[in-house]
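The values are calculated or read from the model by the stated rules, or taken from the named source; none is laboratory data. Everything numeric here is computed off the predicted structure, so don't read it as measured data. Don't worry about glycine lacking a Cβ; one is built from the backbone with ideal geometry, like all the others, and counts go over all protein chains shown. Just the protein is used for accessible areas: all its heavy atoms, side chains included, with ligands, DNA and RNA removed. Shrake-Rupley method; radii C 1.70, N 1.55, O 1.52, S 1.80 Å.
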Amino acid sequence: MKRRVVITGMGAVTPIGNTIEEFWDGIRSGKSGIAPITHFDASEYKVKLAAEVKNFVAKERMDFKAAKRMESFSQYAVAAAKEAFEDAGLDMAEEDPYRIGTIIGSGIGGLECHEKNYKKLQERGPGRVNPLMIPLMISNMAAGNVSIQLGLKGKCTDVVTACASGANSIGDAMRAIQYGDLDVCVAGGTEASICPSGVAGFTALTALSCNPDPASASRPFDKDRDGFVIGEGAGIVVLEELEHAKARGARIYAEMAGYGSTGDAYQDGSGAGMAMKFAMKEAGIQPEQVDYINAHGTSTHHNDLFESRAIRYALGKAAETVVINSTKSMVGHMLGAAGAVEVIVCVKSIEDQFIHQTIGTEHIDPECGLNYAVGSPVEKKIDYAMSNSLGFGGHNVSLIV
């Protein structure tokens, strides 16, 4: 028998706010976190814009010495996890630490650390490489640092599925609780790859927008879209077995109702469509019961086109009426953190009965042709919200809350 899983805590570090309250206020007001790159000199780069985390001071969110032993992606995860854990009201003195796990993904990990130390290696020799280079850069260290900071001794893993990492992490945490491995899990995603090699690499792949206008660089589903805007940050949720949450009087935000995960093996959109179908099947709902879809919606030509086709494939006639949006229009593409932050948006949308508009988008691509909440937010009753994440390599995830 699968156990029911609920969300009892949330935390976020994003380009439009470094707490849940700040982030959601930014979402509701249609704020954009996209601006000229400041993390490095991008004057010689085709791409001039990114969605950077702003005014984040690690020592204000965690122990200073511990923060010095973390790269930014780990710092963001720890800050968001601490907020989520406090929000959940968990008291470790009352809990079995081996029943609380940590599943936090990062698509890339400490790319900036690798970059800086490779430069040292080339210019000054192997003896000048940071002794902590490896534990600073490897992607599992976000999960590791969170488990250390919070004292969590249950299952501790790092899911690496590119841009689907955060969503897969939440889905895998859901499974771990459903089948009794854990009672509680701190889950989500984190990323900090706005650095020379990150921007140059995605630019060479022709994945990034070269649009110099922050207001229109990220315009998912628009006929004039030309790529995504790279973002950074972290999104963390506390998942909990329903009876465990009720027994301690926890506030319950929403229930995790469905998780679908597939591999493409071919880019025709059917893999993403099947992930949505699997999630709806587990949730026990029909397509017309999906009130809102937070799309992967990257603002690249192929993603937006194939995701729209996948939604039609999965929802049939209901695809024509469901309200869809893309949070990446405001925060850019946060890569491994994106799926987790977008689940948080789904939860807050259910709580407020509010669907934010897809900002920047003005002229919907007729090949996409669905309802993408363009022009204004939508206020409507939301019972079931779906969040999609589609990662490089054909990793498809659909979560239903």
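The figures follow:
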read-out	value
Most mobile of Ile37, Ile293, Ile355 in a GNM of the chain (Cα contacts under 10 Å)	Ile37
Of all accessible heavy-atom area on the chain, the percent that carbon and sulfur account for (1.4 Å)	51 percent
Extension gain from Ala265 to Arg128, taking 0.36 nm per residue of separation minus the Cα-Cα distance	45.0 nm
Approximate spin-label separation Arg4-Glu320, in nm, with each point projected 7 Å along Cα-to-Cβ	3.5 nm
Extended-chain gain in nm, criterion 0.36 nm per residue less alpha-carbon gap, Asp213 and Tyr98	36.5 nm
Neighbour-limited loop hits for chymotrypsin sites (Phe, Trp or Tyr not before Pro), region 131-229 (at most 11 other Cβ within 10 Å; DSSP other than H, G, I, E, B)	Tyr179
The chain - mean residue ellipticity at 222 nm from DSSP helices (-39,500 (n - 2.57) per run, n ≥ 4, rounded to 500)	-10000 deg cm²/dmol
Residues with amide H under 5 Å from that of His333, placed H, sequence gap 5 or more	Val229, Ile230, Gly231
Accessible surface, per residue, of the chain when the full set of protein chains is kept, probe 1.4 Å, Å²	39 Å²
DSSP-assigned coil residues among GluC sites (Glu not before Pro) in region 1-74, each with at most 11 further Cβ atoms within 10 Å	Glu44
The chain - charge dipole about Cα centre, Lys and Arg +1 at Cβ, Asp and Glu -1, debye rounded to 20	700 debye
Cβ-derived FRET efficiency at R0 35 Å, Glu22 paired with Ala204, nearest 0.05	0.55
Proximal lysines relative to Lys65, as straight alpha-carbon distance under 21 Å, when same-chain residues fewer than 8 apart are discounted	Lys82, Lys116
Label-to-label distance, nm, for residues given as Glu362 and Asp91 (7 Å Cα→Cβ offset)	5.6 nm
Residues with amide H under 5 Å from that of Ser299, placed H, sequence gap 5 or more	Phe221, Asp304
Lysines whose Cα lies under 18 Å from that of Lys277, excluding same-chain neighbours fewer than 8 positions away	Lys317
Inter-label distance for Glu255 and Leu121, nm, one decimal - labels placed 7 Å from Cα along Cα-to-Cβ	5.1 nm
Percent RCO, i.e. relative contact order, over region 75-228, from Cα pairs under 8 Å lying at least 6 residues apart	30 percent
Rounded to whole Hz, the Karplus (6.51, -1.76, 1.60) HN-Hα couplings of region 246-261, x for glycine and proline	5, 4, 9, x, 6, 6, 10, 7, 6, 10, 7, 9, x, 9, x, 9
